[in-house]
Amino acid sequence: MTTTMMTVAKVLAVVCCAVSMADAIEYYSVDGVFGGTKGVKGASLICSYNDTDDSQNLTIEWYKNGEQLQSNSDYTITIPEHGVSNLTIKVVGKNDYGQLYSCIFKPNGTKKDLTLYALPIVQIERHGEKSKTVTEGNHLDLNCTVTGYPLPNVTWSHEDSNVDLTDKQNVTSASNVSVSLGLKVEKMNMSDRGNFVCKATNFFQDAVHAKNDTILVRVKDRLAPLWPFLGIMAEIIILAVIIGVYEFRRAKQKRLEEQKDANEQAVLTGITPRQDSPNVRQRKT
């Protein structure tokens, strides 16, 4: 039998369950694609031999980084038919990124290797907030965590290209499959308001793969806390002016009415009121 006839059929990776594109994370291999939902779902690797006659006498073993795998809490190995073996990874996570999976056909020793690649998974730390608000003049701290294999390149940017963040970024932690990139702006200006974008890219299968996450940052006027107080004070002042004007006019109207009453009384009694004191009546001599 020729070497070509003994070659293992292409290893395929298939999605284990239906997931929406919004939630799906794609894990790439050198031979195909399989996926799950944010590391919670698993996937099946299928290894088959293309020579039906010879496959009757073959057994298939699975290995991860050279260590043989058995069915356990992490993996399930099934043999649906002669010459075919399925390895189900129950939970696909970052510990699987970059790992070498192999299926070996015994007794001829034919081997197929499969290295798992992962698109970048980007997440800005939000602490339960959809957006972030800082006061003008205060500092802004953001952190973005990215996982993927090969290890993605991560950068921060602002929707306004005029806002330069180049010297405000620093790596806070890193491993072979994960990196956290912090962003610190010492003094925020009103012009810094807008969307801050964390973008990650990695390269495999002759293609660049990019993902990003965005958070809206609002910049609050430094005098903003005073506006409610100033508004209340303005209302009090306006109310006091209105009351003062009203009381002044009421007092003036009262004096005019008293003067009128005094004049009328003087006409009736023949007493002329003093000009300097309209409320004091004088006897006529």
Can you work out ³J(HN,Hα) from phi for every residue in region 114-120, in order, using Karplus 6.51 cos²θ - 1.76 cosθ + 1.60 and θ = phi - 60°, giving whole Hz and x for Gly and Pro? 9, 9, 8, 10, 9, 4, x
At 1.4 Å probe size, put Phe196, Phe203 in order of accessible surface, largest to smallest. Phe203, Phe196
List the residues whose amide H sits under 5 Å from the amide H of Leu45, counting only those 5 or more places along or on another chain, with H placed 1.01 Å from N in the peptide plane. Leu87, Thr88, Ile89
Using a 7 Å offset from Cα along Cα-Cβ at Arg222, what residues in region 163-181 end up with backbone N under 12 Å from the label point? none
Output ³J(HN,Hα) for region 133-144: one whole-Hz value per residue in order, computed from phi by the Karplus curve 6.51 cos²θ - 1.76 cosθ + 1.60 with θ = phi - 60°, and x for Gly and Pro. 10, 10, 8, 3, x, 8, 8, 10, 10, 10, 9, 10
Would you kindly find the accessible area of His82, with a 1.4 Å probe and non-protein molecules such as ligands, DNA and RNA excluded, rounding to the nearest 10 Å²? 110 Å²
Residue-wise HN-Hα coupling along region 205-213, computed from phi with Karplus coefficients 6.51, -1.76, 1.60 (Hz; x: Gly, Pro): 6, 6, 8, 8, 10, 10, 9, 8, 9
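Using a 1.4 Å probe and counting only protein heavy atoms, arrange Val185, Val241 so the residue with the most accessible area comes first. Provide the component values of the computation, followed by the final result.
Details: Val185 10, Val241 85 Å².
Greatest to least solvent exposure: Val241, Val185.
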What list of whole percents do you get for P(r) of region 65-204, with Cα-Cα distances grouped in 5 Å bins up to the one holding the largest distance? 2, 8, 14, 16, 13, 10, 9, 7, 6, 6, 5, 3, 1, 1, 0
By accessible area of protein heavy atoms, probe 1.4 Å, what ranking do Tyr101, Tyr75, Tyr246 get, highest first? Tyr246, Tyr75, Tyr101
Exposure of Lys260 as accessible area (Å², to 10), given a probe of 1.4 Å and all protein chains: 130 Å²
Please give the solvent-accessible surface of Thr59 in Å², to the nearest 10, using a probe radius of 1.4 Å with every protein chain present. 80 Å²
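The values are calculated or read from the model by the stated rules, or taken from the named source; none is laboratory data. Here the structure is a predicted model, which is why all the values come from computation and not from measurement. Quick reminder, even Gly has a Cβ in these numbers, built from the backbone with ideal geometry, and neighbours come from all protein chains shown. Surface accessibility is based on the protein's heavy atoms, side chains included, excluding ligands, DNA and RNA. Shrake-Rupley method; radii C 1.70, N 1.55, O 1.52, S 1.80 Å.
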